[in-house]
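Inspection log for the structure reproduced underneath, given as structure tokens.
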């Protein structure tokens, strides 16, 4: 934490999570989201397409729709969920970005 403070020039809010707990939760979150991604992309788009095609959505077989459109919607939602949950975890660990932490970066790039 001292290196992080010296490197960035600020001290984050008091962390409520230690580093090991933070990364364990992050890795668990990533694994769960990757499993959902695999089930939707590979499972629903390839493995279970025939069973899903017995249903229709907007006049299209559901398996076909999931392979072509539905999986993209799910992937975007997964990215949004990951961003929201990671931001929350960063705040709990005292690693959240603030105006003070991003101001020096944005002014250096201009």
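Key figures for this structure:
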read-out: Approximate spin-label separation residue 99-residue 54, in nm, with each point projected 7 Å along Cα-to-Cβ; value: 5.8 nm
read-out: Contour excess over end-to-end distance, with Cα ends at residue 23 and residue 64 and 0.36 nm allotted per residue; value: 11.0 nm
read-out: Extension reserve of the residue 75-residue 42 stretch, reckoned as 0.36 nm per residue once the Cα distance is removed; value: 10.7 nm
read-out: Cα convex hull of region 29-93, projected area averaged across orientations, nm²; value: 4.6 nm²
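Values in this text are rule-based calculations from the coordinates and carry no lab data. What you see is a predicted model; the values in this text were computed from it and never measured. All Cβ positions, glycine included, derive from the backbone under ideal geometry; neighbour counts span all protein chains shown.
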